[in-house]
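Here's the structure we're looking at; comments come further down.
The values are calculated or read from the model by the stated rules, or taken from the named source; none is laboratory data. Only a predicted model underlies this, so the values are computations on that prediction, with no experimental measurement involved. Cβ atoms come from the backbone with ideal geometry, glycine included; neighbour counts cover every protein chain shown. Surface areas here come from the heavy atoms of the whole protein model, side chains and all, with no ligands, DNA or RNA. Shrake-Rupley method; radii C 1.70, N 1.55, O 1.52, S 1.80 Å.
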Amino acid sequence: NIPEEQADKLLLASWGLPRAVLEKYHSLGVVQMFEWQAECLMLGHVLEGKNLVYSAPTSAGKTLVAELLILKRVLETRKKALLILPFVSVAKEKKCYLQ
């Protein structure tokens, strides 16, 4: 569980994402994340590029964690990222979404 003093970490706006990215998430109804998602982002040195292995049921929100990690790293380091997705339909959806 996230300590009360870090409860703001549930809000996407507290992760240093650009306004355009936040507005896109907000337009899709995503303003905050689940506690387990924020915990994933706060583990060890994940935000500095260290590995993260996590598991959750289908439609639980795993992709949001990956998206936030990728977006932060790409924007901070100006390097490219590779996102591997399981289905062509999901890849097409994410391509439009992330552009």
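Below is a table of values for the structure above.
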| item | result |
| --- | --- |
| Amide H contacts of Gln32 (H built 1.01 Å from N, under 5 Å, at least 5 apart or other chain) | Leu12 |
| Alpha-carbon spread of the chain, three principal axes, descending order, Å | 40, 29, 28 |
| Neighbour net charge for Leu10 - beta-carbon separation under 14 angstrom, K R +1, D E -1 | -4 |
| Where the chain is the region considered: accessible area per residue in Å², 1.4 Å probe | 73 Å² |
| Loop-exposed trypsin sites (Lys or Arg not before Pro) per DSSP, neighbour cap 12 Cβ within 10 angstrom, longest uninterrupted part of the chain | 1-49 |
| Selected from Leu68, Leu43, Leu17 as most flexible by GNM, with the chain as the system and alpha-carbon contacts under 10 Å | Leu43 |
| Net charge, Glu48 excluded, C-beta distance under 14 Å - Lys, Arg +1, Asp, Glu -1 | +3 |
| Too-long pairs where the Cα-Cα distance tops 20 Å, listed order kept, from Lys24/Lys62; Lys9/Lys80; Lys72/Lys95; Lys9/Lys94 | Lys9/Lys80; Lys9/Lys94 |
| Potential lengthening between Lys80 and His26 on full extension [0.36 nm per residue; Cα-Cα distance subtracted] | 17.0 nm |
| Whole-Hz ³J(HN,Hα) from phi, Karplus 6.51 cos²θ - 1.76 cosθ + 1.60, for segment 78-93, glycine and proline x | 6, 9, 7, 9, 10, 10, 9, 10, x, 9, 4, 4, 5, 4, 5, 4 |
| Share of carbon and sulfur in the accessible heavy-atom surface of the chain [1.4 Å probe, %] | 56 percent |
| Helix-only mean residue ellipticity at 222 nm for the chain, each DSSP H run of n ≥ 4 adding -39500 (n - 2.57), per residue, nearest 500 | -13500 deg cm²/dmol |
